[in-house]
Amino acid sequence: MEVERQLGTWEGYVDWRNKPALRSSHGGMRAATFVLVVEILENLAFLANASNLVIYLSEFMHFSPSKSANSVTNFMGTAFLLALLGGFLSDAFFTTYQIYLTSAVVEFLGLIILAVQARSPSLKPPACIPNVADNPCQQVSGGKAALLFIGLYVVALGIGGIKGSLPVHGAEQFDERTSPGRKQRSTFFNYFVFCLSCGGLIAVTLVVWVEDNKGWQWGFWISTLAIFLSIPIFLAGSSFYRNKIPCGSPLTTICKVLLVAILNSCWNKNASNAIVSTATSPSLPIPISMEEKEKTTEAMKESIDAPSESFKFLNRAVVNRPPVHRSLACSLQEVEEVKIVLKMLPIFACTIMLNCCLAQLSTFSVQQAATMNTKLGSLKVPPASLPIFPVVFILILAPVYDHFIIPFARKVTKTEMGITHLQRIGVGLVLSIVAMAVAALVEIKRKRVASESGLIDSSNPLPITFFWIAFQYLFLGSADLFTLAGLLEFFFTEAPISMRSLATSLSWASLAVGYYLSTVIVSVVNSATGNSKHQQWLSGSNLNHYHLERFYWLMCVLSGLNFFHYLFWATRYKYRSKGEDK
């Protein structure tokens with residue numbers, strides 16, 4: 001390490017030409033700035049379509065409201081789940097630099113497919129003619145449906161690769177061995193969410209207006225142009241990036257340690273006699289190279305001399321005997337890395353319910369707003385532009401949080417972080433509970449207005465302003481800011497360096513599982529509530545016949561139970577990385 005520092009290179013990192021990265025030229029906030037600009041364009045391309053997709057599927061592809069909502073949540077869930085694939089490839093075989101460029105091209109091709117279909121009437125089902133009995137709306141089917149879903153899921157594949165590589169690529173530009181580097185990295189994650197929101201602001205205003213007033217094909221072409229422009233901007237920063245050298249498959253390490261621990265537990269009835277430290281097993285056939293040692297954090301180096309007390313079962317993977325096969329030999333470092341990942345999984349699981357609540361922003365909340373008065377003076381606001389409320393709040397709160405709240409918290413707590421990652425996540429979970437309660441109360445008011453106005457069976461706008469929906473968007477948007485930034489930084493800083501991309505992708509996987517869970521809950525609620533005497537909560541000729549307020553109350557209760565589950569794990573978690581509160 002000392003030699004590399006004297007030579008002025010970053011150990012374990014290369015530039016875009018695969019040459020050693022130089023301390024004087026590569027990394028730092030300058031390199032990360034290109035990533036932040038790219039995130040604006042990337043999220044613009046994604047959110048422009050996702051925020052309004054439920055309207056497109058219901059009005060142009062003639063899906064029912066529930067099927068439209070489920071299709072959107074499945075699409076978004078798949079996109080975020082595929083971030084795990086992007087993270088895995090970034091850790092195992094390629095650099096985050098290479099994964100981003102490949103994924104951007106894939107998303108670009110998918111958007112072209114969707115734009116061509118939206119442009120051509122022959123690739124869509126026939127338009128509905130109101131009040132004509134012999135011309136019912138025909139849901140898209142056959143080859144047209146295949147083209148729609150091929151385009152959507154090619155886009156999802158590209159989005160997954162980008163989400164799994166871009167935030168990690170930016171965070172890798174900072175020196176975690178120094179306090180200023182760790183603070184800059186924390187600032188980067190805050191502004192990553194800020195830039196994500198900037199792209200969202202453009203998407204839910206300009207692009208959604210274009211889609212609603214000029215045609216959906218123009219919205220798709222704008223998204224296509226945005227992702228296309230992100231590629232040369234990303235490439236412009238190539239000479240400044242430092243790229244982490246892939247360390248091999250993290251899944252192989254995890255599976256190997258688990259398998260060997262199981263095998264050795266079967267062979268050794270007295271496990272305490274079989275488990276040894278590296279100091280007493282010089283015959284262990286897996287030596288750790290100097291380069292690998294240099295890439296581990298100080299916390300890992302301090303604990304590498306002996307097995308830790310947590311997950312004692314895994315200590316059986318390190319035994320004083322030759323392995324069954326050389327490829328199954330485990331080092332103590334590998335065992336401790338797997339333990340770190342397992343400790344983070346309960347935190348991941350506890351954020352799924354919050355993301356299930358966030359799924360409502362793209363589905364039922366948009367449909368609620370579509371039934372209300374969306375006029376703002378002489379301007380008619382598209383329902384899909386409602387996310388502007390949480391987006392604007394995030395744009396205001398993110399800089400305030402980084403420049404005022406965090407410095408104040410650091411002075412009060414006398415710690416480097418000020419507010420820990422798990423505290424941020426906890427605040428987001430509380431806000432999601434409040435958001436669901438507010439959503440239920442607003443829906444009660446909306447249905448009361450529909451009943452009093454005699455518009456229960458009418459498709460005309462209700463005499464109630466859409467600003468009422470803004471309250472649930474505000475709380476859920478705030479929850480998203482606290483939770484997403486906290487999760488991204490938590491997984492990146494706590495994970496072993498060889499698994500960082502995959503671990504950070506768990507932040508997006510939480511979103512994915514949340515969207516899938518939303519689909520499951522909708523189906524389960526309809527199955528449980530529908531019988532011969534009662535109508536299903538989430539079905540009917542229009543949204544006014546739904547019992548959406550009951551669904552929101554259910555989500556509120558589930559979120560409350562999930563918060564207590566989170567407290568159980570968060571209060572027992574011990575940080576391993578520098579700069580955190582112990």
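The values are calculated or read from the model by the stated rules, or taken from the named source; none is laboratory data. What you see is a predicted model; the values in this text were computed from it and never measured. Glycine also receives a Cβ, built like all others from the backbone with ideal geometry; neighbour counts cover every protein chain displayed. Side chains included, ligands, DNA and RNA excluded: accessible areas come from the protein's heavy atoms. Shrake-Rupley method; radii C 1.70, N 1.55, O 1.52, S 1.80 Å.
Only one entry of 545, 534 meets the criterion of being touching a residue at least 24 places away in the same chain (Cβ under 8 Å) and more than 20 Å from the chain's Cα centre (by Cα), and that entry is 545.
Here segment 449-466 is the region considered, the condition is being within 13 Å of residue 372 (Cβ to Cβ) and not polar (S, T, N, Q), and the residue that is surrounded by the fewest Cβ atoms within 10 Å (Cβ to Cβ) is 463. Listed here are the helices (runs of 4 or more DSSP H) enclosed by segment 342-420 that have at least 1 residues being under 27 Å from residue 447 (Cβ atoms): 352-358, 364-370, 388-400.
Residues are listed down the side, and each one gets a yes or a no for (1) under 23 Å from residue 370 (Cβ atoms); (2) in contact (Cβ under 8 Å) with a residue 40 or more places away in the chain; (3) buried (at least 21 other Cβ atoms within 10 Å of the Cβ):
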site	(1), (2), (3)
11	no, yes, no
14	no, yes, no
31	no, yes, yes
49	yes, yes, yes
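Is there a residue in segment 156-169 that is open to solvent by 10 Å² or more (accessible area, probe 1.4 Å) and either in a helix (DSSP H, G or I) or under 19 Å from residue 231 (Cβ atoms) (or both)? Yes, because at least one residue in segment 156-169 is open to solvent by 10 Å² or more (accessible area, probe 1.4 Å) and either in a helix (DSSP H, G or I) or under 19 Å from residue 231 (Cβ atoms) (or both). The residues in segment 305-332 that are under 18 Å from residue 575 (Cα atoms) and either at pLDDT below 70 or surrounded by 22 or more Cβ atoms within 10 Å (Cβ to Cβ) (or both) can be counted, and the count is 1. Scanning segment 173-201 for residues that are modelled with pLDDT under 90, within 13 Å of residue 492 (Cβ to Cβ) and of a type in the set (Lys, Arg) yields a single hit, 182. If only residues of segment 51-66 that are touching a helix residue (DSSP H, G or I) at 6+ places or on another chain (Cβ under 8 Å) and in a helix (DSSP H, G or I) are counted, the one that is nearest to residue 223 (Cα to Cα) is 53.
Give the number of residues within segment 224-253 that are small (Gly, Ala, Ser) and either over 30 Å from residue 92 (Cβ atoms) or assigned to a loop (DSSP other than H, G, I, E, B) (or both).
Going through segment 224-253 one residue at a time, the tally reaches 3.
In segment 390-407, the residues that are free of Cβ contacts under 8 Å to residues at least 12 places away in the same chain never reach a residue that is open to solvent by 30 Å² or more (accessible area, probe 1.4 Å) with C-beta atoms less than 7 angstrom apart, at least six apart or across chains.
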